[in-house]
Amino acid sequence: MFSLEGITKAIDTWLNAHFNSTVVLLAECVLVGVAAIALFAVLGLGLVWMERKVAAVMQIRLGPNRLGPKGIFQTSADTLKLIMKEGLTPDGADKFLFNLAPFIVMIVAMLVLAPISFAKNFQIWDINIGVLYVSAVSSLSVIGILMAGWSSNNKYSLLGAMRSGAQIVSYELSAGLAIISIVVLTGSLSINDIIQSQQNGWWIFKGHIPAIISFIIFIIAVTAETNRAPFDLAEAESELTAGFHTEYSGMKFALFFLAEYINIFIVCSIGATLFFGGWMPLHIGNWEAFNHIMDFIPSSIWFFGKTIFLIFLIMWFRWTFPRLRVDQLLNLEWKYLLPISLFNLLLMTVVAIMGWHF
Amino acid sequence: MFLKEYINDVLKAAKSLLTGMKVTGYYFTHRKEIITEQYPDNRATLQLAERFRGEVVMPHDENNQHACTGCSACEIACPNGTIKIINKFDIQPDGKKKKAIDTFVYHLELCTMCGLCVEACPTSAIKMANTFEHSVFNRNQLTKRLNQPGSKIREGVE
Amino acid sequence: MTNEELKSTLGELIPSATFEEGGEWVNLYVPLEEWKPVALQLRNHPSLQLDYLFCLTCVDWKTHFTIVYHLSSTAVRHNIVVKVKVDRNNPTIETVSDIWRTAEFHEREVYDLFGVTFLHHPDLRRLIMPDDWKGWPLRKDYEDPVNMIKL
Amino acid sequence: MIEEVGTTTEGDLVINVGPQHPATHGVLHLVITLNGETIKKVEPHLGYIHRSIEKMCESLTYRQFIYVTSRMDYLSAHINNHACALCVEKGLQVEVPQRAQYIRVIMDELTRIASHELWWGAMAMDLGAFTPFFHAFRERETINTIMEETCGARLTMNYMVPGGVMFDLHPDFQKKVKAFIQQYTSKINEYDELVTGNIIFQNRMKGIGYVTKEDAISYGCTGPVARGSGVASDIRKIAPYDVYDKVEFDEVLETGGDSFARYLVRVKEMQQSIRIIEQLIDNIPEGDFQAKTKAVLKLPKGEFYQRVETARGELGVYIISEGGTTPYRIKFRSPGFSNLSILDHMVRGHKIGDLVAAMGTLDLVIPDIDR
């Protein structure tokens, strides 16, 4: 049976048989880096294509359909165009920060990839504070956005960056609380442990209503954190033209664009891990036969399937809802999401202590 | 009391958002609602309105004859100076001179497709064609001569 | 009110006004120096209540300008047309933008295109033409060899 | 608070919104003064699409100048042409045949629906929802196709001539209009579900851009902007032209005065337009579609003013004739021009996002403002 685990195992044994351990470590690091970058490119192109298709069908259009079957090479062609475009730096911009900002955003997105478990035993770094690491590092990207907004020497960019700052700082809270409510159940921050704890059913089913509430809060908060509509105030096309990346062009713009999609992928994979069991197949209690059949589907497919479902959900939001106003955005967080998630955490703790979950 | 209102607010909001998502979800699952037309590909089946005003043409019959007497009514009616008529004098068999058109110049680049020239024409010599693909690489190509070379006025048209 | 009633009311109110025959609405000329107080009266008079200025424009008669005010009442639904003659060489008139706020924009437009100065206007600048434009485009003697295309 | 706004002090952010900006729907240029995100002052700068149509019309004959007015408010091009045709007819004292009057009114109402459809989509787009725009275009396309079949053009129809209309109706016209009414009524629910009922949309619109009744009158607001503040200003009711006095319809009035009221007025107006079309479509009388007029029109010396209700409000055409074949002076009182003047008053103290929402409810068409 196809599994990613087998491939890594095979590479590892082959390298160990031929080289000494230092070289193996180095070679594996390079391989992982290359694989991560390749994943980035593929994900970026794929998700942009998916977004355009989803948007098109919801808007009774066809979407890209000229280049390749169903237009799947359209995004590659767009990337090619962006690479060939001139990367303008506006007059009066802080050139160093202006050029640095897209890389910061990109690198942050790359860093968060480390603890995510893509398939059974297929993980770059099984760190014991995995979830904490993800929520800590992912909020660093706001620094890149602030840099971009400040250094562009453009008032629209500045406004967009400031909005983004306020937004990410506040929504980090409820995203964190939603994550904690699952951590309460598992008792571990390690991604692998969280997945293992869903051996006999996913948390969204096992955790009663509190788990569902925290899932809803999580999905709202991460939509806001990734600056997606209806929380795309940092970009707010009709208000701030393009917000913090108004002045960017060419590949530097493409990096922002790519980082947005990578961030969506990452938060959705975290959501899938916490609430839908990551790569864990759909198991129901101790129905051995059923569980066994489900195990035949490769774990990587389970993982990507769940993640893409969540990404689709976020895209669905984007193409349905109008944008919030900046004060309403903060109202939503501080008056609704935060109290609800605090109360929900309390409820979840009670559930965990009393052992009411399955 | 406050709590009840609060929960009500949240539920109402959630309901309104879900109804919105229901609509987009419906379109996502019903591809037959797509209304896009694949324009350059569907040239063969493209249905154009018969009256669509694309450009002014002068219909000629099989004997290379048209109905334009060169009265300049269209030239006067045109608000933009799109039409210029250059007349000549044909010598009739009985020795009389008769006014006829030499060149009917039509500047497509100035035309706003208002249709006033067609309205003004007393002999229905010109009409609006429903062609619409007018882009050319050279602007000079937009200045057209509507009467075909060697064409004559149809017998009996005054 | 019907046109006849309007005429008699207006005649009493503004003795110096002259009426012009023809047109569907009552046309009256008001002397330039009386215009501002008359405008206030037109709006505030209990049986006139002309609170809605729906058109303000200027006509260049080559010898003089006429500023034309089309007034209407949203309460009683009658319309009148007030015309004020101004000198063509030095066109100045009192603003009515404090009486009907919509006049603020319309007066700027008239200033822009005809060069009529509205005294006490809060913000009399060019509205449509660029700030450094020379001349008053809608005057009959305006010539612009660059931008005007003669067919 | 009110004293604070409207003055510029050091440290305020002055931003140019436009002439190239997604929210201005054209080349409107607003200079806004901000304190943080709060708007202190909005100053419109016009003229980026000024073509001096009034001056152009002075050199065009009475038949020719009608087509130019399609280029003013291009979304209600047909109604503009109607206004001009009516004004010329008033001068000529021509009786327009009944059939032509019916056709004109039906076309007017179709144009109004098409215009409001576009506004509805663009309004949602201003607030960040992209999907409604395409859904609105589906219905708008149907109207455009109907227009194209009968008038020969989709946007700048020029279907009106003094004395009637240019051609007779297309044979399929009635059938297609009925099909459109059916399509529209089947989709109207969706509009409410997708936009009107949406909690985010309502919160963005309610209590924003408040205009009192007195202000609306004083600023010369007309159309849905005035009716959203409870000012009865529908010219179709006040001074009916053509067959508007024969049809039954309600003037939509909302008393809210905020953005949401103006939104509701337009949405309900579309339904009233459907109602008018339904009454007329089966009763179009047979007969001429054009009155006999001279080839060269000459208006008698005098002044003629015609008011019509376009999709945006009251359009006035003021022709001053010296007896010649061309107007001596022509003035278009455009609805957008007056409606724009209230923008500053309306959005002071609100956020940038509200400026976009409030401007959306004004339904500005820039060529109409600049002319």
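Quick note: the coordinates plus some simple rules give every number you see, no bench work behind them. These numbers come from a predicted model, not from an experiment. Note that we place each Cβ from the backbone using ideal geometry, even for glycine, and neighbour counts take in every protein chain shown.
Other residues lying with their Cβ under 13 Å from the Cβ of D:Gly164 contribute a combined charge of -2, Lys and Arg counting +1, Asp and Glu -1. For the peptides C:120-127, C:76-83, D:67-74, the ranking by mean Cβ contacts within 10 Å, running from highest to lowest, is D:67-74, C:76-83, C:120-127.
Roughly how many whole Å is it from the C-alpha centroid of segment C:37-80 to that of segment A:213-253? Rounded to whole Å, the Cα centres lie 51 Å apart. Projecting the Cα atoms of B:Asn80, B:Asn8, B:Thr29 onto the charge dipole of segment B:1-101, computed from C-beta unit charges around the Cα centre, puts B:Asn8 farthest toward the positive end. Name the most mobile residue of A:Ala148, A:Ala38, A:Ala242, meaning the one with the largest mean-square fluctuation, in a Gaussian network model of chain A with Cα contacts below 10 Å. Ranking A:Ala148, A:Ala38, A:Ala242 by mean-square fluctuation puts A:Ala38 first. Over the Cα atoms of segment A:71-160, the radius of gyration divided by the Kirkwood radius equals 1.10; this is the Rg/Rh ratio. Highest mobility in the GNM of chain D, judged by mean-square fluctuation with C-alpha springs under 10 Å and restricted to D:Tyr318, D:Tyr191, D:Tyr263, is found for D:Tyr191.
Pairs spanning more than 26 Å between alpha-carbon atoms, out of A:Lys70/D:Lys178; D:Lys187/D:Lys268; A:Lys155/D:Lys40; D:Lys187/D:Lys351; C:Lys83/D:Lys331: A:Lys70/D:Lys178; D:Lys187/D:Lys351.
Shielding of peptide C:47-59 by partners, expressed as the average count of other chain Cβ atoms within 10 Å per residue Cβ, is 5.
Eigenvalues of the alpha-carbon gyration tensor of segment D:53-154, scaled by 5 and square-rooted, set the equivalent ellipsoid semi-axes at 30, 17, 10 angstrom, largest first. Extent along the principal axes, Cα only, for segment A:273-327: 51, 19, 16 Å, with the longest axis given first. Projecting the Cα positions of A:Trp316, A:Gly201, A:Val32 onto the charge dipole of chain A (unit charges on Cβ atoms of Lys, Arg, Asp and Glu, taken about the Cα centre) puts A:Trp316 furthest along the positive direction. Place +1 on the Cβ of every Lys and Arg and -1 on the Cβ of every Asp and Glu in chain D, take the dipole about the Cα centre, and give the residue among D:Ile106, D:Gly230, D:Phe249 whose Cα lies farthest towards its positive end. In chain D, that residue is D:Ile106.
So what's the gap between the Cα centers of segment D:32-56 and segment B:55-81, to the nearest angstrom? Segment D:32-56 and segment B:55-81 have Cα centres spaced 45 Å from each other. Along its three principal directions, the equivalent ellipsoid of chain C from the Cα gyration tensor extends over semi-axes of 30, 16, 14 Å, largest first. Taking one quarter of the surface of the convex hull spanned by the alpha-carbon atoms of segment A:90-215 gives a direction-averaged projected area of 8.9 nm². Just B:Thr45, B:Thr103, B:Thr19 to compare: in a GNM of chain B, with alpha carbon springs under 10 Å, which one fluctuates most? Taking springs between Cα atoms under 10 Å, the residue moving most is B:Thr19.
Averaged over the residues of B:10-20, the number of partner chain Cβ atoms lying within 10 Å of the residue Cβ comes to 5. Across all C-alpha atoms in segment A:86-354, the radius of gyration and Dmax reach 19.3, 67 Å. Could you work out the percent of alpha carbon pairs in the protein assembly as shown separated by over 54 Å, rounded to a whole number? The calculated P(r) of the protein assembly as shown puts 29 percent of pairs beyond 54 Å.
Per-residue packing, averaged as other Cβ atoms within 10 Å, sorts the ranges A:308-316, A:50-58 into the order A:50-58, A:308-316, beginning with the highest. Stokes-Einstein diffusion for segment B:55-153 at 25 °C, viscosity 0.890 mPa s, with a Kirkwood radius from C-alpha pairs, works out to 173 µm²/s.
Going by Cα centres, segment A:289-358 and segment B:1-49 are how many Å apart? First find each Cα centre; the distance between them is then 23 Å. Lone cysteines in chain B, going by a 4.7 Å Cβ-Cβ cut-off? If one checks each Cβ against the other cysteines of chain B, B:Cys68, B:Cys71, B:Cys78, B:Cys111, B:Cys114, B:Cys121 turn up with nothing under 4.7 Å. As a rough guide to protection, the peptides D:231-237, A:257-263, C:58-64 ranked by mean Cβ packing within 10 Å, highest first, stand as A:257-263, D:231-237, C:58-64. Straight-line reach from B:Lys88: taking Cα to Cα under 29 Å and skipping same-chain neighbours fewer than 8 places apart, the lysines in range are B:Lys96, B:Lys97, B:Lys98, B:Lys99, B:Lys127, B:Lys144, B:Lys152, C:Lys150, D:Lys294.
Averaged over the residues of B:33-39, the number of partner chain Cβ atoms lying within 10 Å of the residue Cβ comes to 5. With viscosity set to 1.002 mPa s and temperature to 20 °C, compute the Stokes-Einstein D of segment D:255-371, Rh being the Kirkwood radius across alpha carbon pairs; µm²/s, no decimals. For the chosen part, D equals 120 µm²/s. For segment D:219-299, the gyration tensor built on C-alpha atoms gives an oblate shape. Its axis ratio a/c (a ≥ b ≥ c) is at least 1.5, and a/b is not larger than b/c. Annotation: aspartates and glutamates with alpha-carbon distance below 14 angstrom to D:Lys213 (same-chain offsets under eight excluded): C:Asp51, D:Glu254, D:Asp258. Legend: Rg and Dmax of chain D, from Cα coordinates, 20.7, 70 Å.
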